[in-house]
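The values are calculated or read from the model by the stated rules, or taken from the named source; none is laboratory data. What you see is a predicted model; the values in this text were computed from it and never measured. Cβ coordinates were reconstructed from backbone atoms using ideal geometry, including for glycine residues, and neighbour counts include every protein chain displayed.
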Amino acid sequence: MAGVRRGRPLQGRYAPDALPQVLVTAERTGRRALESEVVVANTLTTNLHLLMASFYMPSKHRYKIIMEAGAFPSDMYAMETQARWHGFDPDKAVIEVAPRPGEETLRTEDILATIQQHGDSIAVVMFSGVNYYTGQFFDIKAITEQAQCVGIRWLRLLPPLATCRPTPRLGVDFACWCSYKYLNSGPGGPSGLFVHENTAMTPISPVRWLVGP
């Protein structure tokens, strides 16, 4: 296929310089990921479902999804759909972390405590980088470390970190984000997704990923 190069993300029929430079900058430098780990494709909810279909492999005992209360509605719908798809009751499978009474933002210690509380029943931690409504920037590094401490393998980071604040590699396994909030592309605008090179080569799902060497 024209435009596809070894070690680079799939770019369809177009040469690399055909992509809008603002997207290239956001995907490659803002996230500080390898070129082979990121791609601009589809829409946010589509990518969210693709990633969850690939890496959310719940078992009878490890099936819960930890996420923030008040996440973007389509993100919540996607998590509920994924739980139902695997035969779980969303009311039991999706655990939302809410602010304390009288407060509008989440305390990091409450997020970490929730992860610790549910421990080995958690399959995925799904958190935004920044809450779309409050603007709260979450401590993804602390959340990731806590999840790893209780043995959670799959950690994901949702939008809009790629577009509003550069971040280092924080140990997450996969992520997706939109361009319509902070890049002002409008509904249906292109989305981006990230799959860590180690995660992409892990045989956990029948869904395969195109990655570089």
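Mind listing just one residue for me: the one in region 155-184 that is small (Gly, Ala, Ser) and at pLDDT 75 or above and, of those, surrounded by the most Cβ atoms within 10 Å (Cβ to Cβ)? Let's see the steps before the verdict.
Our first condition is that a residue be small (Gly, Ala, Ser); within region 155-184, this holds for 162, 171, 175, 179.
The next check asks that each one be at pLDDT 75 or above; those that pass are 175, 179.
Values: Ala175: 28, Ser179: 25.
Per the stated criteria, the residue is Ala175.
Of the helices (runs of 4 or more DSSP H) lying entirely inside region 44-93, those carrying at least 1 residues that are within 21 Å of Gly186 (Cβ to Cβ) are 44-55, 73-85.
Mind telling me which of the residues Asp110, Asp139 ends up being out of contact with any His (no Cβ under 8 Å at 6 or more places or on another chain) and under 23 Å from Leu193 (Cβ atoms)?
On the way: Asp110 fails: under 23 Å from Leu193 (Cβ atoms).
Within the list Asp110, Asp139, the selection yields Asp139.
Quick check: is even one residue across region 185-194 at pLDDT 60 or above, over 29 Å from Pro58 (Cα atoms) and of a type in the set (S, T, N, Q)? Checked against the condition, which is being at pLDDT 60 or above, over 29 Å from Pro58 (Cα atoms) and of a type in the set (S, T, N, Q), region 185-194 yields at least one hit.
Among the residues of region 116-129, count how many are of a type outside the set (Ser, Thr, Tyr) and either within 17 Å of the chain's Cα centre (by Cα) or in a loop (DSSP other than H, G, I, E, B) (or both). Counting residues in region 116-129 that are of a type outside the set (Ser, Thr, Tyr) and either within 17 Å of the chain's Cα centre (by Cα) or in a loop (DSSP other than H, G, I, E, B) (or both) gives 7. For Arg28, state whether it is on the phi > 0 side of the Ramachandran plot, of a type in the set (Lys, Arg) and modelled with pLDDT under 90. So Arg28 fails the test.
When Ala53, Ala69 are screened for being among the hydrophobic types (A, V, I, L, M, F, W, C) and in contact with a strand residue (DSSP E or B) (Cβ under 9 Å, 6 or more places away or on another chain), only Ala69 passes.
I'm trying to understand the selection: among the residues of region 104-115, which are among the hydrophobic types (A, V, I, L, M, F, W, C) and either more than 13 Å from Asp139 (Cβ to Cβ) or not in a helix (DSSP H, G or I) (or both)?
Narrowing region 104-115 to residues among the hydrophobic types (A, V, I, L, M, F, W, C): 106, 111-113, 115.
Within region 104-115, Leu106, Ala113 qualify.
Of the residues making up region 70-103, those that are under 24 Å from Gln136 (Cβ atoms), loosely packed, with under 13 Cβ neighbours inside 10 Å and at pLDDT 95 or above are Ala98, Arg100, Pro101, Gly102, Glu103.
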